[in-house]
Amino acid sequence: MKTLVLVFHPNMAKSRANAALKAAAQALPADSDATVTVRDEYAQYPDGNIDVAAEQQLIEAHDRIVLQFPLYWYSSPALLKEWEDQVLAFGWAYGPDGKALEGKEITVATTAGGPESEYQTEDNGATMREVLSPYRMMARYVHATWREPFVVFGSMELSDETLAETAKQYQAFLTD
Ligand SMILES: Cc1cc2nc3c(=O)[nH]c(=O)nc-3n(C[C@H](O)[C@H](O)[C@H](O)COP(=O)(O)O)c2cc1C
């Protein structure tokens, strides 16, 4: 299984949670059965100009796409939305000839500042499954297989030990 982790964090230099997850993904031993490619998309496109052909080629070369980002306003940082709008193009991702993602696996890895207890319908108004539904629906639309996301709650209050344990769980998630 070839896994592509696309990291969307607008200020990686100040990140703790996503930086730890990214480092864990990068630290996976190179192994022919579970290749993990990690790309920092904001570093790749500091001016926001996405190389659509390069992104599409990367997706074509992998079986599983992981969209990793900190949860911002119950959504993602802006570059991920732009990435979806440009890369998941008609005739490539959808439409009569758009089958590039068919059969691939798509999932999300996100860090939320709020605790898990906040992501209940009766408290915050929505569960995390509901918050992440645009990604699930996107995967469905392009005929990919949706995998249950990797979610880190309380991301700003994790102890060093918990963050290290979470990073290990992320490695297992990526290689499972
Ligand atoms: C602009 C902005 C919007 C945010 N919106 C949310 C939100 O809607 N829900 C939430 O749980 N946390 C929210 N947070 C907290 C971030 O999710 C948190 O800072 C991030 O997960 C920490 O990861 P990092 O250490 O990689 O930056 C927001 C933070 C920022 C800066």
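The values are calculated or read from the model by the stated rules, or taken from the named source; none is laboratory data. Quick caveat, the model's predicted, so the values are computed rather than measured. Ideal geometry is used to build each Cβ from the backbone, glycine not excepted, and the neighbour counts take in all protein chains shown. What goes into the accessible areas is simple: the full protein's heavy atoms, side chains included, and nothing from ligands, DNA or RNA. Shrake-Rupley method; radii C 1.70, N 1.55, O 1.52, S 1.80 Å.
Observations
- Options ALA54, ALA34; residue that is at pLDDT below 95 and either hydrophobic (A, V, I, L, M, F, W, C) or in contact with a Pro (Cβ under 8 Å, 6 or more places away or on another chain) (or both): ALA34
- Residue in the stretch 112-133 that is under 14 Å from the mean Cα position of the chain (by Cα) and more than 13 Å from the ligand (Cβ to nearest atom) present: yes
- Of all residues in the stretch 132-152, those that are open to solvent by 50 Å² or more (accessible area, probe 1.4 Å) and in a loop (DSSP other than H, G, I, E, B) total 2.
- For the residues LEU67, LEU71, LEU58, the requirement of being hydrophobic (A, V, I, L, M, F, W, C), open to solvent by 30 Å² or more (accessible area, probe 1.4 Å) and touching a Ser or Thr at 6+ places or on another chain (Cβ under 9 Å) singles out LEU58.
- Filter pass, LYS2 being basic (Lys, Arg) and without any contact (Cβ under 8 Å) to a residue 60 or more places away in the chain: no
- Number of positions in the stretch 82-131 that are open to solvent by less than 50 Å² (accessible area, probe 1.4 Å), among the aromatic types (Phe, Trp, Tyr) and farther than 22 Å from LEU174 by Cα: 2
- Residue among ASN49, ASN11, ASN18 that alone is of a type in the set (S, T, N, Q), within 16 Å of the ligand (Cβ to nearest atom), open to solvent by 10 Å² or more (accessible area, probe 1.4 Å) and at pLDDT 95 or above: ASN11
- Of the residues making up the stretch 22-39, those that are buried (at least 18 other Cβ atoms within 10 Å of the Cβ) and within 14 Å of the ligand (Cβ to nearest atom) are LYS22, ALA24, ALA25.
- For the condition more than 22 Å from ARG16 (Cα to Cα), surrounded by fewer than 19 Cβ atoms within 10 Å (Cβ to Cβ) and at pLDDT 95 or above, LYS168 does not qualify.
- Selection within the stretch 144-173 - more than 12 Å from the ligand (Cβ to nearest atom) and closer than 19 Å to THR127 by Cα: TRP146, ARG147, GLU148, PRO149, PHE150
- All conditions but one from (1) in contact with a strand residue (DSSP E or B) (Cβ under 6 Å, 6 or more places away or on another chain); (2) touching a residue at least 40 places away in the same chain (Cβ under 8 Å); (3) away from the ligand (no atom under 13 Å from the Cβ) apply to ALA139; the one that does not is (2).
- Of the residues making up the stretch 56-84, those that are in contact with a strand residue (DSSP E or B) (Cβ under 8 Å, 6 or more places away or on another chain) and of a type in the set (Asp, Glu) number 1.
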